[in-house]
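The values are calculated or read from the model by the stated rules, or taken from the named source; none is laboratory data. Everything numeric here is computed off the predicted structure, so don't read it as measured data. Here Cβ is always computed from backbone atoms with ideal geometry, including for glycine, and neighbour counts include all displayed protein chains.
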Amino acid sequence: MTSPKGPALTVVPLPKNAAGPQVLQPSGWPAPKGYANGMVADGRLVVTGGVIGWDTEGHLADDFTAQVRQTLSNIAAILAEGGASPEHLVRLTWYVVDIEEYLANLKSLGQIYRAIFGTHYPAMALVQVVRLVEKAARVEIEATAVVPR
């Protein structure tokens, strides 16, 4: 039997009094910006469906960044219903209809993200899709959180 040849895995420690998800960062890998390579957590799972940026009256803004702001706010509200908050997030999967629109708005997206979720960055994936079920939606996000026991 041979030893594995991949990079060693580092669990980025949380302060001793902190509960919740921990970041997984393989040794020697560059630190990601605005997301984590992986997360580990123990607790109660809170999962959203695909969330889009409609308001309480079912209206979608025309602007991509406004849709992202409302989508993240909607996720925060769903998390709260499940007894979770943004620091419990372990994964976000973003679906966008135009990746160039996403890339062109990175600075404002970062500001919006931090205003709603703070500086907690879970594992994330970004996928460009042909369209979303709601035709006017520009972004849809799925979230997974783990609330400590």
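At-a-glance table
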quantity	calculated
Pairs where the first residue, in segment 80-99, is crowded, with 20+ Cβ neighbours inside 10 Å and of a type in the set (Val, Ile, Thr) and the second is modelled with pLDDT of 95 or more and assigned to a loop (DSSP other than H, G, I, E, B), C-beta under 8 Å, 6+ apart	90/122; 96/129; 96/138
Residue that is modelled with the highest pLDDT [pool: residues in segment 47-80 that are among the hydrophobic types (A, V, I, L, M, F, W, C) and in a loop (DSSP other than H, G, I, E, B)]	52
Qualifying residue in segment 122-135 (condition: part of a strand (DSSP E or B) and of a type in the set (D, E, K, R))	no
Some residue of segment 84-97 being among the small types (Gly, Ala, Ser), within 19 Å of residue 129 (Cα to Cα) and modelled with pLDDT of 95 or more	no
Answer from 132, 109, 72, 79 - the residue that is under 11 Å from the mean Cα position of the chain (by Cα) and on the phi < 0 side of the Ramachandran plot	72
Evaluation of residue 148 against (1) surrounded by 18 or more Cβ atoms within 10 Å (Cβ to Cβ); (2) closer than 25 Å to residue 24 by Cβ (one fails), failing number	(1)
Selection status of residue 102, surrounded by 13 or more Cβ atoms within 10 Å (Cβ to Cβ), in contact with an Asp or Glu (Cβ under 8 Å, 6 or more places away or on another chain) and free of Cβ contacts under 8 Å to residues at least 60 places away in the same chain	no
Test: residue in segment 117-127 that is farther than 22 Å from residue 24 by Cα, under 14 Å from the mean Cα position of the chain (by Cα) and hydroxyl-bearing (Ser, Thr, Tyr)	no
